[in-house]
Amino acid sequence: MDKEMLKLYFIMGSNNTGDRNPEQVLQKALQGGITCFQFREKGQGALPEEEKWKLGRKLKAQCAAFHVPFIVNDDVDMAIRLEADGIHIGQEDDPASKVKERCPARMVIGVSVRTIEEAHQAAADGADYLGVGPMFATDTKEDAKAPVGLEGIRRLRAEGITLPIVGIGGIDASNAADIVEAGADGVSLISAISLADAPEKAARELRSRLNGPTEKQ
Ligand SMILES: Cc1ncsc1CCOP(=O)(O)O
Ligand SMILES: C=C1C=NC(C(F)(F)F)=NC1=N
Ligand SMILES: [Mg+2]
């Protein structure tokens, strides 16, 4: 897996956009330079199955037009049947080893982790990348646990975790660079783009913060 794809990893479901059309928000985010997208239709106000599939197909086609990987959250069947580029699973889902057996080899498998033990287990199970968080306070995920902060990433690297990592939770332009500085390969976020007045501009700003002062803009 090319860890460059994790640089600016946008996550969204239809219930993360306020009253805006999720397809329009994704289009702007793609134009603004997101490097990966995860369809996460979950929680309060999530679409019923039929609408979820319809929206998933549309969002996948939008990502394909930009050659941006399309990842599905939780739903392994949907990921396989939509021919997604990957699946993202959490601690309450089947282990990555079991999911890997069901998925075509070309699909990446991401795992949410919060502790060192979870990170080592996910690596042993064959995860391709880790979503570490929540980094900071967030009200986007209803059952988010206490934030682990930048220290959460530093500790994983100190423990010898070498898998690609994205930080997630409460990330925006003000703290995105700190996440990479702490040892992550990129940032993953929902509301900093999905609720932005101008999602394209928000994505572009985040990209410029993540390119670091040394790289040319
Ligand atoms: C899905 C998820 N997992 C940990 S925090 C979170 C929500 C991130 O949303 P936001 O970027 O709006 O804080
Ligand atoms: C709960 C989650 C934690 N991390 C990630 C990702 F950023 F993709 F790694 N996605 C999720 N849905
Ligand atoms: Mg899950």
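The values are calculated or read from the model by the stated rules, or taken from the named source; none is laboratory data. Since the model is a prediction, treat every value here as computed from it, not as a measurement. Note: areas computed on protein heavy atoms with side chains; ligands, DNA, RNA excluded. Shrake-Rupley method; radii C 1.70, N 1.55, O 1.52, S 1.80 Å.
Quick notes on this one:
- The reciprocal of the average 1/r between distinct C-alpha atoms defines the Kirkwood hydrodynamic radius, which for the stretch 1-67 equals 12.4 Å.
- Alpha-carbon radius of gyration plus Dmax, which is the widest Cα pair, for the stretch 31-88 in Å: 11.0, 30
- Accessible surface of the chain [probe 1.4 Å, protein heavy atoms]: carbon and sulfur percent: 49
- For the stretch 33-142, relative contact order (Cα pairs under 8 Å, six or more residues apart, normalised by length) works out to 20 percent.
- Accessible surface for Lys100 stands near 90 Å², nearest 10, in the context of the full protein assembly shown (1.4 Å probe).
- Mean separation of Cα contacts under 8 Å, 6 or more apart, over the residue count of the chain: relative contact order %: 23
- Rounded D (µm²/s) - the chain, Kirkwood Rh over Cα pairs, Stokes-Einstein at 10 °C, 1.306 mPa s: 93
- Per residue solvent-accessible surface (Å²) - the chain, probe of 1.4 Å: 48
- All C-alpha to C-alpha distances of the stretch 129-217, sorted into 10 Å bins beginning at zero, yield P(r) values of 18, 47, 31, 4 percent in whole numbers.
- Pairs of Cα atoms nearer than 8 Å and 6+ residues apart set the relative contact order; for the stretch 100-150 it is 31 percent.
- Rg over Rh for the stretch 1-130 works out to 0.95, using Cα positions for both radii and the Kirkwood form for Rh.
- Of all lysines in the structure, the ones whose alpha carbon falls short of 27 Å from that of Lys58, not counting any fewer than 8 places away in one chain, are Lys3, Lys7, Lys28, Lys42, Lys100, Lys141, Lys201.
- According to the Cα-based calculation, Rg over Rh for the stretch 60-103 is 1.01, with Rh computed by the Kirkwood formula.
- Once backbone amide H atoms are built at 1.01 Å from N, His88 has Val72, Asn73, Asp74, Gly110 as its partners under 5 Å, excluding neighbours fewer than 5 places away on the same chain.
- Amide H partners (placed H, <5 Å) of Val148, local residues excluded: Met135
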